[in-house]
């Protein structure tokens with residue numbers, strides 16, 4: 001029997017959370033698109049499904065390690081610093097291995113997933129630069145869908161707002177300081193900036209942009225589409241970090257924002273050099 005609940009889909013006595021279902025749907029849609037794009041480029045699309053295993057496994061490991069090394073402030077104030085998480089690595093309730101309790105960093109996931117794809121391409125003698133372009137085109141679509149899971153979980157929000165599209169964070173466990181003061185910020189009447197929705201919209205626009213370039217431009221070098229993704233998403237993430245209510249700080253610096261900015265600038269520089277070299281070759 002299938003029962004719809006607030007927390008998820010109850011199937012034969014087992015509850016599948018909405019968060020997990022949305023994330024799985026995001027991965028599946030992105031993989032389907034990668035399958036189609038691979039066929040259009042003359043590749044064996046079976047590589048898409050085979051590569052998913054190392055990409056997902058290493059992506060999850062990277063995402064968890066990012067969270068462990070750079071825990072958000074809501075976790076740090078409760079004593080679970082990076083040092084504590086590493087010292088209690090095998091604590092099944094709150095330690096580093098307790099991924100089921102929540103805590104993943106998408107930037108670490110991107111790094112881990114990229115390593116997984118590189119390993120697969122090297123092991124199967126596939127052109128990494130062309131496959132990373134396909135992955136970069138599918139990623140923002142998957143991210144746009146996946147960010148909806150953050151909305152369901154009432155996380156990834158910003159400051160209180162009077163805008164008509166503000167969202168409630170009625171789950172007290174998801175409140176972060178200073179919004180844990182329920183006298184000042186009541187659960188049922190305080191609306192917040194939906195940063196998760198802003199990122200979803202931005203990722204969808206990035207996807208459309210990359211798709212148009214993929215279809216219309218022939219002067220892009222292999223790997224350029226991936227570089228452009230890093231520029232666009234890195235820049236987007238840098239700006240959105242100004243709005244987030246719960247960030248990861250290292251020596252007082254928002255580490256996700258800093259890494260996003262450095263990545264975007266580095267990718268822009270490499271992309272510029274590629275285009276300059278391309279012009280030189282065509283002169």
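Before rounding to the nearest 500, sum -39500 (n - 2.57) across all DSSP H runs of length at least 4 in the chain and divide by the residue total; then give [θ] at 222 nm in deg cm²/dmol.
Working: 9 runs with 167 residues, N = 283.
Per the formula, -20000 deg cm²/dmol.
When the alpha carbon coordinates of segment 9-86 are projected onto the principal axes, the ranges are 52, 34, 16 Å, largest first. Distance distribution P(r), segment 23-179, all Cα-Cα pairs, bin width 5 angstrom from 0: 2, 8, 15, 18, 16, 14, 11, 9, 5, 3, 0 percent. Centre-to-centre separation between the Cα atoms of segment 99-141 and those of segment 198-255: 15 Å.
Rounded to whole Å, the principal axis extents of the Cα atoms in segment 59-115 read 31, 21, 17, largest first. Every pair of different Cα atoms in segment 199-283 enters the Kirkwood calculation, which places the hydrodynamic radius at 14.2 Å. Each Cα pair under 8 Å and six or more residues apart adds its separation to the average, and for segment 19-282 the resulting relative contact order is 20 percent.
On the principal axes of its alpha-carbon atoms, the chain has extents of 68, 45, 43 Å, going from largest to smallest. Between the helical axis of 46-69 and the dominant principal axis of the chain, each derived from Cα atoms, what acute angle in degrees is found, rounded to the nearest 10? Helix 46-69 sits roughly 40 degrees off the main axis of the chain.
I need the fraction of alpha carbon pairs in segment 113-272 separated by more than 23 Å, rounded to a whole percent. Working shown, then result.
Numbers: 6089 of 12720 pairs.
Counting every Cα pair in segment 113-272, those more than 23 Å apart make up 48 percent.
Quick check on packing: order 170-180, 46-56, 226-236 by the mean number of other C-beta atoms within 10 Å, highest mean leading. List each step's numbers first, then the result.
On the way: 170-180: 13.6, 46-56: 17.1, 226-236: 21.9.
Packing proxy ranking, top to bottom: 226-236, 46-56, 170-180.
Using a Förster radius of 41 Å, what is the FRET efficiency between residue 40 and residue 239 based on their Cβ-Cβ separation? Nearest 0.05, please. My answer for the efficiency is 0.80. Taking the C-alpha atoms only, the angle from helix 255-282 to the longest principal axis of the chain is near 10 degrees. Which angle between 0 and 90 degrees, to the nearest 10, do you get for helix 195-216 versus the longest principal axis of the chain when only C-alpha atoms count? The helix 195-216 is inclined about 10 degrees to the chain.
Read the figures in this text as sums done on the coordinates, not as results from a lab. Only a predicted model underlies this, so the values are computations on that prediction, with no experimental measurement involved. Don't worry about glycine lacking a Cβ; one is built from the backbone with ideal geometry, like all the others, and counts go over all protein chains shown.
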